[in-house]
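K.L.:
Have a look at this one.
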Amino acid sequence: MAVIIDGKKVAKEILQNLADETVFMSPAPGLAVIIVGDDPASKIYVSSKKKKASELGFNSIVVELPESVSQSELLAKIEELNDDEKINAILVQMPLPKHLDKNTIIEKINPIKDVDCFHPYNVGKIATGDKPYVYPCTPKGIIRLLEYYDIAVEGKHAVVIGRSNIVGRPMAQMLLNMNATVTICHSRTKNLADITRTADILICAAGKANLVTSDMVKDGVVVVDVGMNRNSSGKLCGDVDFSAVEKKASYITPVPGGVGPMTICSLMVNTVDLHKIQKNDKYS
Ligand code: NAD
């Protein structure tokens, strides 16, 4: 039976330490989240980010813009936040309405305030094995979990299922930078099971319930399940058939309670890190 990686517990510890550190920070770390339109899932994500930031005493603002906002209005808002010294971290909640050009909008964020690590400057830093200002929240949270449980990465075969800019790609590059041997799988990959069976560390970020079954993993594998899906009875589940895979794995993250709490935790840590970087950069 696998050790269940307790993301909730690890995130709580990290956030407690962060609260102890930030309580005396003046000015308080500032996080601005921009949300465009009324997508219900996005609204829930944004409100939980605001709630967590407020609990930590951050200067936390949410900029709500209508679905009809023009590209130039949104860019002007980002520029205003770039210039606002009380705001250290800017996040534009995705997805954006189709009439807005995502890449242009991301590139408008000052890379030193790019709390999600989406700006090409920061993405390029990871791709070249250099350090971005801060790492993307979900992969960063996963690395923290591996470190917390003393799971070595160097020399291991890490298989990442998914190649999105938010999870799969940066995750693969970060594992490569930690000297893993990395294979990236995606929707066009042939013989997925043949590849996953060779994984020492398997990161599942496809968003497909029950994609990974126990015949697809080897004994002793470390499984990190990023997926957030609803099963046929509406219950939250990951990409992995947890009850069967758990019997073969050495470590496994549950859904919920694994990667999810670490993502929001990383967002808070990143906000504080950007605050420190900007203080050293500009104000000292
Ligand atoms: P995405 O849809 O942008 O990307 C999914 C990736 O999976 C794609 O690269 C696709 O090629 C690949 N894929 C899809 N079906 C596949 C298949 N059958 N075999 C192999 N690869 C396949 O999604 P995303 O934004 O990267 O998110 C992935 C999942 O992780 C979603 O369920 C999402 O809700 C979840 N997520 C969770 C957190 C968290 O904090 N827990 C954070 C981000 C995303």
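The values are calculated or read from the model by the stated rules, or taken from the named source; none is laboratory data. Since we're looking at a predicted model, the values are computed, not measured. Virtual Cβ from ideal backbone geometry, glycine too; neighbours counted across all protein chains shown.
K.L.:
Anything in region 14-35 that is assigned to a strand (DSSP E or B), in contact with a helix residue (DSSP H, G or I) (Cβ under 7 Å, 6 or more places away or on another chain) and touching a residue at least 60 places away in the same chain (Cβ under 8 Å)? List them, or say none.
P.N.:
Leu31, Val33
K.L.:
Return yes or no: is Ala152 closer than 23 Å to Ala11 by Cα, touching a His at 6+ places or on another chain (Cβ under 9 Å) and surrounded by 14 or more Cβ atoms within 10 Å (Cβ to Cβ)?
P.N.:
Against the criterion (closer than 23 Å to Ala11 by Cα, touching a His at 6+ places or on another chain (Cβ under 9 Å) and surrounded by 14 or more Cβ atoms within 10 Å (Cβ to Cβ)), Ala152 does not qualify.
K.L.:
Further question on the same structure: Please identify the pairs in which a residue from region 195-216 that is within 10 Å of the ligand (Cβ to nearest atom) has its Cβ atom under 6 Å from the Cβ atom of a residue that is modelled with pLDDT under 95, counting only partners at least 6 apart or on another chain.
P.N.:
Ala209/Asn231
K.L.:
Sticking with this one: Looking only at residues that are among the acidic types (Asp, Glu) and surrounded by 15 or more Cβ atoms within 10 Å (Cβ to Cβ) in region 234-284, which one is nearest to Gly57 (Cα to Cα)?
P.N.:
Ranking the candidates gives Asp273 first.
K.L.:
Additional query: Which one is farthest from Ser26 (Cα to Cα) among residues in region 248-280 that are among the hydroxyl-bearing types (Ser, Thr, Tyr) and within 16 Å of the ligand (Cβ to nearest atom)?
P.N.:
Thr253
K.L.:
Kindly establish whether Ile126 is more than 12 Å from the ligand (Cβ to nearest atom), in a helix (DSSP H, G or I) and in contact with a Leu (Cβ under 8 Å, 6 or more places away or on another chain).
P.N.:
No; evaluated as a whole, the condition is false for this residue.
K.L.:
Continuing with this model, one more query. Working only within region 98-121, note down all residues that are in a loop (DSSP other than H, G, I, E, B) and loosely packed, with under 14 Cβ neighbours inside 10 Å.
P.N.:
Lys98, His99, Asp101
K.L.:
Cβ-Cβ under 6 Å, sequence separation 6+ or interchain: first residue in region 154-183 and over 13 Å from Thr138 (Cβ atoms) and modelled with pLDDT of 95 or more, partner within 9 Å of the ligand (Cβ to nearest atom) and of a type in the set (A, V, I, L, M, F, W, C). Which pairs?
P.N.:
Ile161/Cys185; Ile161/Cys204; Ile161/Ala206; Arg163/Ile184
K.L.:
Right, here's the next one. Select from region 219-233 the residues that are surrounded by fewer than 21 Cβ atoms within 10 Å (Cβ to Cβ) and within 15 Å of the ligand (Cβ to nearest atom) and list them in ascending order.
P.N.:
Met228, Asn229, Arg230, Asn231
K.L.:
Same structure again: Pull out all pairs, ordered by first then second residue, where Cβ-Cβ is under 6 Å, the residues are six or more apart or on different chains, the first lies in region 117-141 and is at positive phi, and the second is at pLDDT 95 or above and assigned to a helix (DSSP H, G or I).
P.N.:
Between residues of region 117-141 that are at positive phi and residues that are at pLDDT 95 or above and assigned to a helix (DSSP H, G or I), the close pairs are Gly129/Asn177.
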